[in-house]
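Notes to accompany the following structure.
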Amino acid sequence: MTGNDLKARGAAVAVRGLVKRFGETKALDGVDLEVPEGTVMGVLGPNGAGKTTLVRILSTLLQPDAGEAYVAGYDVVRQPRQLRRVIGLTGQYASVDEKLPGWENLYLIGRLLDLPRREARSRADELLERFSLTEAARRPVRTYSGGMRRRLDLAASMIGHPAVLFLDEPTTGLDPRTRNEVWDEVRRMVGDGVTVLLTTQYMEEAEQLASELTVVDRGKVIAGGRIEELKARVGGRTLRIRPAEPARLRPLAAALDELGITGLATTTVDVESGTLLVPVLSDEQLTAVITAVTARGVTLASVSTELPSLDEVFLSLTGHRAGAPEDTVSPSASENREEVAV
């Protein structure tokens, strides 16, 4: 695999057989991953799955022990200097200097990226306005709220017009309004052609932003594809039946369970909504349930099917429920924090 091969395939990120060890712990164990240009790839996994380690390798902050990885056509091991000019990173910790004002942070990063002074100034002004931080531009970052710091951190990752952006738990600790603002900005970036690799444990965030998902657990990729494909892979749909006569709910549920059409799964009565929730694993089961209902002369007000939620998919694939972001330590507490936040 070469950078030219990736460009020909339209892949912005490609990983093959990536391995990373920390002592006896194998944080990544042969990870394969490919992200098409101009899309958002969501990387999901429980605590310690290897998500942060993957991002740190792809952004040149760590070197892998084995395997290969290309980002924007560059080899992450052999071409780190070239790669750093075309990527952005918003990690779990703010990368900005709290003693400097917001504007100076962005201007400094622009200059470090070799932007001419005039362009660095205009880019800082543009991004502060874009992230609703203009009024706070001359204030030290230590006076910013948590949401403001997060927005500034995201602006800092965009200062160099990156082709690929890595977002590692980007909305951790944000209030719903600020989180929505970050989501809107990510969508805008993708609309401008930026490729995004997003790690998150917020299922809603993954559904809102990601074109495809990769699920990792214990350093391995255990599933991948579009959200609807993953839901279908887990199997099972819920048939929601609402009789025109609510009094028919419980008798109908009992009749369906007696027939055993859905195997060991039982029908659930949702009295509040006046519906029956029937688990079905196949089209044949779905047809059999509808046939059984109509054979009993039950008039239906509505019938619909629902795929599993993304939370249910996550639980089925990993054995864990999606929860709080990964446990981490302060950057000052350990020089090797990737050993904790892997």
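Only the coordinates and a few stated rules stand behind these numbers; no lab work does. Note that the structure is a prediction, hence the values are computed from the model and not measured. For neighbour counting, all protein chains shown are included, and Cβ atoms are generated from backbone atoms with ideal geometry for every residue, glycine included.
For the reader, a short list of remarks on this structure follows.
- With R₀ fixed at 30 Å, the C-beta to C-beta distance from Val303 to Glu207 puts the FRET efficiency at about 0.75.
- Rg(Cα)/(2.2 N^0.38 Å) for the chain, N = residue count: 1.20
- Shape box of the range 1-122 [Cα atoms, principal axes, largest first, Å]: 44, 35, 25
- In terms of other Cβ atoms within 10 Å, Phe22, Phe131 run from fewest to most in the order Phe22, Phe131.
- Only beta bridges with both residues in the chain are counted; by DSSP, about 70 percent of them are antiparallel.
- The chain: calculated mean residue ellipticity at 222 nm from DSSP helix runs of at least 4, using -39500 (n - 2.57): -10500 deg cm²/dmol
- Packing-based exposure ordering (other Cβ within 10 Å, fewest first) of Lys231, Lys51: Lys231, Lys51
- Relative to the current alpha-carbon distance between Asp65 and Val77, full extension at 0.36 nm per residue lengthens the span by 3.3 nm.
- The charge dipole of the chain, taken about the Cα centre with unit charges on the Cβ atoms of Lys, Arg (+1) and Asp, Glu (-1), comes to about 820 debye, rounded to the nearest 20.
- Projecting the Cα atoms of Pro279, Gly17, Ala163 onto the dipole axis of the chain, where Lys and Arg carry +1 and Asp and Glu carry -1 at the beta carbon, places Ala163 farthest toward the positive end.
- Only Lys, Arg (+1) and Asp, Glu (-1) charged, at Cβ; the range 18-80 dipole about Cα centre in debye: 260
- Whole-angstrom Cα spans of the range 131-283 along principal axes, big to small: 70, 35, 29
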